[in-house]
Amino acid sequence: MVAATDTATSDTLLATILSSLSDDKAEDIVQIDLRGKTEIGDYMVICSGRSSRQVTAISEKLAQTVKDTFGRTSKVEGKDTGDWVLIDTGDVIVHVFRPEVREFYQLEKMWQPMDGSESAAN
């Protein structure tokens with residue numbers, strides 16, 4: 001683990017978040033680079049848990065890991081229902097969904113490049 005510090009880079013924070021999600025068996029983990037697209041954060045991470053209980057557990061563990069590792073208290077919303085939990089760590093926004101809820105909202109499609117049109121313009 002990284003020593004607790006206020007000067008964590010968004011890349012270090014992202015790596016810790018991805019590791020925590022993987023350790024807790026989050027599924028279909030997608031990371032989206034938001035740098036230059038919005039001021040809300042540098043990265044967005046979207047993943048799924050198999051049940052409301054797992055979504056809540058993943059979210060609680062992630063918030064605790066960020067606090068223990070970086071000394072940051074994350075803002076957490078939606079934990080009571082466990083359908084869709086938002087964890088705002090500052091530089092990285094994490095969404096943990098139940099699969100049905102994730103499919104309904106299709107949040108990652110909103111932030112990903114359009115069907116290759118960005119890469120085709122060179």
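Derivation of every value follows stated rules applied to the coordinates shown; laboratory data play no part. Just so it is clear, the model here is predicted, and its values are computed rather than measured. Quick reminder, even Gly has a Cβ in these numbers, built from the backbone with ideal geometry, and neighbours come from all protein chains shown.
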Requested in this report: Treat each spin label as a single point 7 Å out from the Cα along the C-beta direction, and report the Lys79 to Ala15 distance in nm.
Outcome: 2.7 nm
Query - Phi-based couplings in Hz for segment 65-73 (Karplus 6.51, -1.76, 1.60; Gly and Pro marked x) - result: 4, 5, 5, 5, 7, 10, x, 9, 8
Report task. Determine, for the chain, the count of lysine pairs separated by eight or more sequence positions (or lying on different chains) whose alpha-carbon distance falls under 25 Å. Result -> 13
Report summary line: The local net charge around Ala57, scoring Lys/Arg +1 and Asp/Glu -1 for residues other than Ala57 whose Cβ lies under 11 Å from its Cβ, equals +3
Query raised in the report: By how many nm would the segment from Lys61 to Thr38 lengthen if fully extended, with 0.36 nm per residue of separation less the alpha-carbon distance?
Result: 5.6 nm
Report task. Compute the Cα gyration tensor for segment 10-108, then decide on rounded, prolate or oblate, letting a ≥ b ≥ c be the square roots of its eigenvalues: rounded whenever a/c is under 1.5, prolate when a/b is larger than b/c in the other cases, and oblate in all that remain. Result -> oblate
